[in-house]
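Let me begin by presenting the structure, written as C-alpha cells, before commenting on it.
Values quoted throughout were computed directly from the atomic coordinates according to the rules given, and no laboratory measurement underlies them. It should be emphasised that the depicted structure is a prediction, and the values quoted were computed from it without experimental measurement. All Cβ positions, glycine included, derive from the backbone under ideal geometry; neighbour counts span all protein chains shown.
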Amino acid sequence: MRFTIRLSLCAVVLGSQIVAAAEVPMPKFDVATTCRGSGSVQTPAQCMQDEQAARDQLERLWAQFKQADASRCIQITTSRAAVAGYVELLTCLQAARTEEKKPTDPFGPLPTLAK
C-alpha cells in the first residue's frame with residue numbers, strides 16, 4: 001500500500017513537470033515574411049530551408065526547454081523590430097541551455113577579503 005502511494009505521488013510530481021515544460025506553446029512564425037524581410041545574404045529559398053530545419057528541431061526539443069527560457073526567448077525574438085524566426089528562437093534557447101551548463105571554476109570561488 002505504501003509503495004502504491006509513493007509510486008502514485010511520483011507519477012503526479014513527474015507528470016506536473018512535463019506539463020510545466022509544455023505550458024508555453026511553441027510560437028508560429030510566418031517564415032515567408034521572415035525570409036523576405038531578413039536582409040540576409042542568403043537567397044529566400046535558403047532562408048526558408050534554414051527556418052524549416054530550425055522549426056523541425058524546435059518541435060522535437062520543445063518539451064525539453066525550461067518554461068522560463070522559452071518565455072524569455074519568445075519575448076526576445078518577437079519584441080524586436082525585425083520579423084521573428086525559428087532560427088533566432090532556437091539560437092536563444094540553445095544559448096540559455098549552454099549558459100545553464102557552464103562549468104564551475106575548478107579552483108573554486110574567488111576569495112573574499114576581510115575588512
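Just a few scattered comments:
- Prolate/oblate/rounded label for segment 21-100 (Cα gyration tensor, a/c 1.5): prolate
- About the Cα centre, charge dipole magnitude for segment 30-102 (Lys/Arg +1, Asp/Glu -1 at Cβ), debye: 220
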